[in-house]
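Below you will find the structure I want to go over with you.
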Amino acid sequence: AAAIIIMLSIFTVLLINVSVNFRRSIKSDIQRGIRNKEFYAYYQPIVNSKNGHWIGAELLVRWLHPKHGVISPAEFIHTAESTGLINAITLHLLERAAYEKTQIQAENNNTYISINVTASMIINPRYVTELISIISKYPSLQHNVVFEFTERETFSSTELAELQLGMQRLREVGIKWALDDFGTGYAGLSTLQSLRFDILKIDRTFVASSVTDAVTHSILDNIAEMGHTLHCTMVAEGVETAEQAEYVDDLEIEASQGYFYAKPMPFDDYLNALSQPAPA
Ligand code: C2E
Ligand code: CA
Ligand code: CA
Ligand code: CA
């Protein structure tokens, strides 16, 4: 029995080592990727729920890995966020977005771009200063740029005050604010009111089952109601069917995003489609 216990302990130690090394190696791989500028964004159109016209796009990070090809956020965003490396990635994406937005404007197009940030980044005044200095350098970033973040963590009152301050400083250089995955986080009504979001992005779980499930149906109704009360523009996320699109529009949720309209795509494809005449 003692031998078995010893073998099991050795095995456990080995396993822990493998997993620690694995995480450490993702971390250093991300660091290498940042140095080599391997991170860039796909663009997913956000549309007017009434007529399907493109009004903006969300930038979704992708990693063009030299060995593994295009990697989705699910594979690395957790490590990037827990190590703080996401901040460097976001600053890099913002610089790239400045050039891409210039190209969008050159098409005489006023669609907005929406960039994912983390609340922790905005709580940190040094990062807010860095974001502001990039925005100040590029006129293309001074209009029609939205920052969105999810509220997965709860905040202390000090953090909440810093967050409010960071959001305000960025408002002064033209940034609008969206709450991502609305309905799934911890945001109480008072937090919501004090952060004064311009846009609420309704999480796709509520949209997905809205037309098949009576309970979710009424949750979506209530979320839309709350959004109207808060005077926020709303975006329904994850709209996949014509039926869902119809229902979202019936609730007067102004904007929609989802596979039914368009999937995330490389910037060149997005720009190409933007410069085509809109389909009737
Ligand atoms: P998110 O911000 O909620 O982004 C929407 C996700 O839903 C995207 O996945 C998008 O491809 C997917 N999606 C869009 N329409 C549909 C649909 O109709 N049906 C379904 N099933 N999915 C849809 P993606 O690109 O894999 O990104 C996953 C998550 O990674 C994002 O969720 C966001 O939380 C995070 N993320 C992406 N880019 C960044 C970034 O630059 N910074 C940070 N901090 N997080 C990011
Ligand atoms: Ca998002
Ligand atoms: Ca979302
Ligand atoms: Ca309708």
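The values are calculated or read from the model by the stated rules, or taken from the named source; none is laboratory data. Every value quoted in this text rests on a predicted model; they were computed, and no experiment measured them. With ideal geometry, Cβ positions are generated from the backbone for all residues, glycine too; neighbour counts draw on all protein chains shown. Keep in mind that these areas ignore ligands, DNA and RNA; they rest on the heavy atoms of the full protein, side chains included. Shrake-Rupley method; radii C 1.70, N 1.55, O 1.52, S 1.80 Å.
Restricting attention to region 30-74, and to residues there that are touching a residue at least 12 places away in the same chain (Cβ under 8 Å) and in a helix (DSSP H, G or I), which single residue is surrounded by the fewest Cβ atoms within 10 Å (Cβ to Cβ)?
The residue in question is GLN31.
Then there is this: One residue is enough: does region 240-259 have a residue meeting the conditions part of a loop (DSSP other than H, G, I, E, B), within 16 Å of ligand 4 (Cβ to nearest atom) and closer than 30 Å to PRO139 by Cβ?
Taking every residue of region 240-259 in turn, at least one turns out to be part of a loop (DSSP other than H, G, I, E, B), within 16 Å of ligand 4 (Cβ to nearest atom) and closer than 30 Å to PRO139 by Cβ.
Mind listing whichever residues of region 233-265 are closer than 16 Å to GLU148 by Cβ and open to solvent by 70 Å² or more (accessible area, probe 1.4 Å)?
GLU254
Give the residue that is nearest to ligand 1 (Cβ to nearest atom), with candidates limited to residues of region 135-176 that are in contact with a helix residue (DSSP H, G or I) (Cβ under 6 Å, 6 or more places away or on another chain) and of a type in the set (Phe, Trp, Tyr).
Looking at residues that are in contact with a helix residue (DSSP H, G or I) (Cβ under 6 Å, 6 or more places away or on another chain) and of a type in the set (Phe, Trp, Tyr), I get PHE149.
What do you reckon, is PHE197 part of a loop (DSSP other than H, G, I, E, B), open to solvent by less than 70 Å² (accessible area, probe 1.4 Å) and within 30 Å of TYR99 (Cα to Cα)?
yes
Another question, then. Taking interchain pairs and intrachain pairs at least six residues apart, which have beta carbon atoms under 7 angstrom, with the first residue in region 75-92 and over 17 Å from GLU130 (Cβ atoms) and the second not aliphatic (A, V, I, L, M)?
Listed by first residue and then by second, the contacts come to PHE76/TRP63; THR79/ARG23; THR79/LYS27; GLU81/THR118; THR83/LYS27.
Oh, and also: Examine region 212-232 for a residue that is exposed (fewer than 15 other Cβ atoms within 10 Å of the Cβ), in contact with a Phe, Trp or Tyr (Cβ under 7 Å, 6 or more places away or on another chain) and not in a helix (DSSP H, G or I), and state whether such a residue exists.
No, every residue in region 212-232 fails to be exposed (fewer than 15 other Cβ atoms within 10 Å of the Cβ), in contact with a Phe, Trp or Tyr (Cβ under 7 Å, 6 or more places away or on another chain) and not in a helix (DSSP H, G or I).
Here are some conditions: (1) within 13 Å of ligand 1 (Cβ to nearest atom); (2) over 16 Å from the mean Cα position of the chain (by Cα); (3) of a type in the set (Gly, Ala, Ser). GLY227 meets all but one. Which one does it not meet?
Failed condition: (1).
Among the residues of region 86-96, is there at least one that is basic (Lys, Arg) and either open to solvent by less than 80 Å² (accessible area, probe 1.4 Å) or in a loop (DSSP other than H, G, I, E, B) (or both)?
no
Something else now. If I ask for residues that are more than 16 Å from ligand 3 (Cβ to nearest atom) and either of a type in the set (A, V, I, L, M) or touching a residue at least 12 places away in the same chain (Cβ under 8 Å) (or both), which ones from region 228-259 would you list?
Listed by number, the residues that qualify are HIS228, LEU230, THR241, ALA242, GLU243, ALA245, TYR247, ASP249, LEU251, GLU252, GLU254.
Pairs, please: C-beta under 7 Å, at least 6 apart or cross-chain, first residue over 18 Å from VAL145 (Cα atoms) and in region 191-203, second not hydrophobic (A, V, I, L, M, F, W, C)?
Final answer for the pair search is SER194/GLN164; ILE202/GLY183; ILE202/GLU237; ASP203/ASP181; ASP203/GLY183; ASP203/THR184; ASP203/GLU237.
Let me ask something additional. When the residues of region 99-145 are narrowed to those that are in a strand (DSSP E or B) and open to solvent by 10 Å² or more (accessible area, probe 1.4 Å), which ends up nearest to ALA273 (Cα to Cα)?
Step by step, filter region 99-145, then rank; the result is TYR112.
Regarding ASP180, is this residue out of contact with any helix residue (DSSP H, G or I) (no Cβ under 7 Å at 6 or more places or on another chain), away from ligand 4 (no atom under 16 Å from the Cβ) and assigned to a helix (DSSP H, G or I)?
no
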